[in-house]
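Encoded as structure tokens, the structure appears first; notes follow it.
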Amino acid sequence: GTPQKYDPTFKGPIYDRGCTDVICCVLLVIAIVGYVVVGIVAWTHGDPRKVIYPTDSRGQFCGQQGTPNEKKPFLFYFDIVKCASPLVLLEFQCPTTQGPLPARGKCPDRYLTYLNAYSSRTPGELEYYRHFCIPEFKNLQKAPIKVLKDKECPAMIIPSTPLARRCFPAIRAKKGVIMVGNETTYDDGHGRRRNVTELLEGAKKANVVLETRQLAMKIFEDYTVSWYWIIIGLVIAMVASFIFIVLLRFLAGIMVWVMIVMVILVLGYGIFHCYMEYAKLKGEAGSDVSLKDLGFQTDLRVYLHLRQTWLAFMIILCIVEVVIILLLIFLRKRILIAIALIKEASRAVGHIMMSLLFPLCTFFLLCLCITYWASTAVFLSTSNEAVYKVFNETACQFSGQTCKPETFNTSNVTKLCPDAQCLFAFYGGETAYHKYLIVLQFFNVFMFFWLANFVIALGQVTLAGAFASYYWAFKKPDDMPAFPLFSAFGRALRYHTGSLAFGSLILAIVQVIRVTLEYLDHRLKAADNKFAKFLLSCLKCCFWCLEKFIKFLNRNAYIMIAVYGTNFCTSARNAFFLLMRNIIRVAVLDKVTDFLFFLGKLLIVGSVGILAFFFFTQRIKLVQDTAPPLNYYWVPILTVIVGSYLIAHGFFSVYGMCVDTLFLCFCEDLERNDGSPERPYYMSPELSEILLKGNLEPSKS
């Protein structure tokens with residue numbers, strides 16, 4: 001942890017360096033090979049169709065090409081009332097026969113019982129009914145009692161509508177009365193009249209998983225009609241970010257103050273708009289309902305009709321604006337110093353313009369990691385085999401036991417429990433592969449974090465090496481290498497893959513522990529153990545702080561690796577003690593520039609977000625008819641806001657890495673040199689004038 005001494009041979013990033021942390025490099029290669037093997041095994045056994053397509057009572061997909069039910073797109077429940085059983089919540093399967101409907105056979109459009117269809121004199125009535133029976137049912141002359149006993153056909157059919165490839169009762173409310181079709185009661189096929197509310201309960205339980213799928217379908221519809229405008233919004237964010245960065249290159253001081261004023265004005269306009277909406281809703285019916293009483297609603301437009309919503313928005317924006325103004329008042333002198341560092345960073349970025357495009361490379365590699373992880377997770381979760389269990393209406397000792405459909409009718413189960421059925425229950429398995437699926441999923445998550453952190457580390461050390469070559473060039477830019485970015489990237493991959501793997505491995509372990517704690521917290525929500533919840537909250541807080549500290553330490557360690565070519569532990573130690581010897585400068589410069597960059601991102605995201613809000617809610621009269629009709633207008637707005645933040649973060653992350661690198665090099669420069677002709681500073685004259693003659697005098701180590 002001792003300060004660096006003067007070294008006349010030191011000219012910036014060392015080119016004559018060796019490989020570091022070779023063991024971690026080997027471990028990373030072995031882990032990647034194992035990850036590829038896991039992916040191949042998962043893709044061999046997995047079948048994503050199990051997530052997309054409904055499955056009948058035999059475990060066969062409905063409407064999927066290459067399957068027996070290829071031309072049968074819809075799933076039909078023989079008796080959906082039985083779906084009201086609590087068994088649905090345990091097994092996620094209704095205890096009733098489920099059969100596919102042929103392509104021409106849509107969901108039922110009428111009330112009809114099998115007895116009425118059999119005895120009907122209307123031609124084609126029984127033939128129509130046969131579409132809702134099991135595929136093997138061919139004998140229309142078979143006695144109805146025998147057909148119903150063998151469960152070859154449903155006892156009754158009711159008007160239904162398709163939802164997520166399944167037929168559900170066409171339930172509607174008329175003047176507060178629940179109706180299916182135009183009836184409030186129906187014949188259950190056994191001579192009894194029953195209330196349609198029983199169908200409603202069955203449909204609710206059968207729909208326990210499909211409600212989220214229906215929401216997803218509506219969101220997907222919104223994307224299909226608004227994707228063009230979302231892309232336009234993201235392009236606007238990208239152009240705004242690029243213009244902002246280019247202007248920083250030439251007008252750093254003016255742009256920073258303009259940015260600060262714009263943020264304050266945007267927040268002020270937001271407060272004014274919230275107050276006007278709050279005042280406009282005064283006296284309107286239903287506007288005084290509290291958010292707690294309303295509960296969660298998928299249609300967020302409902303909340304905009306409540307005064308409490310706009311009051312909450314107004315309070316939040318007021319707090320944010322007051323905090324920003326107070327920070328500006330107390331940090332006004334520090335901001336002038338930070339502007340000088342941003343100006344120097346602008347010069348560095350100006351000489352290495354390719355650095356602005358480098359985040360695209362990092363983003364592409366991260367997308368590859370996310371795609372591989374997501375596809376592997378889906379294939380692993382769908383690599384189970386079909387498991388069949390005994391379902392019955394009355395008490396039966398074999399209930400819930402596994403069975404085989406091929407031999408079920410000849411087994412003792414049907415003799416002891418006449419109403420029992422062997423139905424598809426879920427996907428599972430008893431082989432060694434199926435037993436260790438949870439371990440493979442854990443390994444998949446761990447490798448995702450490790451590779452994602454490695455990609456981010458590679459981007460950071462590459463940018464750090466390029467900007468360090470700028471700082472340590474005595475005659476800028478004449479002494480800089482021809483292609484500093486590519487040189488830094490080549491050095492990082494050739495010599496320091498092991499060090500990057502080491503740093504990302506430590507961070508990945510902490511992140512996996514955090515994910516595990518979140519999972520345990522989710523599982524303990526229903527428990528009443530307050531001590532366990534308190535302990536878990538403490539652990540979550542500690543590991544959150546640990547993750548933030550490791551990210552900070554890794555970032556500065558990568559800068560030292562890029563400059564000196566030392567291993568990860570040595571670089572992390574040297575970076576930590578260098579920062580500790582300059583802790584005042586860290587607080588004054590580094591964090592103030594981070595705050596200014598945050599305001600820049602807030603300005604871009606806020607401006608694009610407000611524009612998207614007014615456009616998609618059709619409040620801009622010039623383009624009011626251009627905005628697409630949406631189920632949930634918050635879907636494209638949130639997409640634009642999140643996308644704009646990622647784009648702005650990508651551009652500003654280059655500046656952030658540049659500032660951190662220049663700052664660390666500045667601290668090193670102060671310790672190595674004294675500004676004399678024999679030991680001149682490497683910092684530019686403009687930077688030394690502000691930093692050395694201002695409030696930041698050189699620290700005496």
Query raised in the report: For residue 434, which of the numbered conditions (1) open to solvent by less than 30 Å² (accessible area, probe 1.4 Å); (2) modelled with pLDDT under 85; (3) touching a helix residue (DSSP H, G or I) at 6+ places or on another chain (Cβ under 7 Å); (4) not acidic (Asp, Glu) fails to hold?
Result: (3)
Report summary line: Taking the stretch 577-588 and the residues there that are part of a helix (DSSP H, G or I) and in contact with a helix residue (DSSP H, G or I) (Cβ under 6 Å, 6 or more places away or on another chain), the one that is surrounded by the most Cβ atoms within 10 Å (Cβ to Cβ) would be 578
**Report entry** Qualifying helices (runs of 4 or more DSSP H) (wholly inside the stretch 106-181; at least 1 residues being modelled with pLDDT under 80, open to solvent by 70 Å² or more (accessible area, probe 1.4 Å) and not polar (S, T, N, Q))
**Finding:** 144-149
Query raised in the report: Within the stretch 512-521, is there a residue that is open to solvent by 80 Å² or more (accessible area, probe 1.4 Å) and in a helix (DSSP H, G or I)?
Result: yes
**Report entry** Residue list for the stretch 648-665, restricted to those being among the small types (Gly, Ala, Ser) and either touching a His at 6+ places or on another chain (Cβ under 8 Å) or buried (at least 22 other Cβ atoms within 10 Å of the Cβ) (or both)
**Finding:** 648
Query raised in the report: Which of the residues that make up the stretch 616-645 are modelled with pLDDT under 85 and in a helix (DSSP H, G or I)?
Result: 616, 621, 622, 623, 634, 635
Query raised in the report: residue 64 passes all but one of (1) in contact with a helix residue (DSSP H, G or I) (Cβ under 6 Å, 6 or more places away or on another chain); (2) modelled with pLDDT of 75 or more; (3) under 26 Å from residue 166 (Cα atoms); which number fails?
Result: (2)
Query raised in the report: Quick one: is residue 325 modelled with pLDDT of 85 or more and farther than 25 Å from residue 648 by Cβ?
Result: no
Query raised in the report: Quick check: is even one residue across the stretch 362-374 in a helix (DSSP H, G or I), modelled with pLDDT of 85 or more and under 19 Å from residue 660 (Cβ atoms)?
Result: yes
Query raised in the report: When the stretch 547-568 is examined, which residues are found to be open to solvent by 70 Å² or more (accessible area, probe 1.4 Å) and either more than 24 Å from residue 25 (Cα to Cα) or out of contact with any helix residue (DSSP H, G or I) (no Cβ under 8 Å at 6 or more places or on another chain) (or both)?
Result: 548, 549
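The values are calculated or read from the model by the stated rules, or taken from the named source; none is laboratory data. The structure presented is a predicted model; accordingly, all values stated were derived computationally and were not measured. Neighbour counts are summed over all protein chains in view; Cβ atoms, including those assigned to glycine, are modelled from backbone coordinates with ideal geometry. Surface accessibility is based on the protein's heavy atoms, side chains included, excluding ligands, DNA and RNA. Shrake-Rupley method; radii C 1.70, N 1.55, O 1.52, S 1.80 Å.
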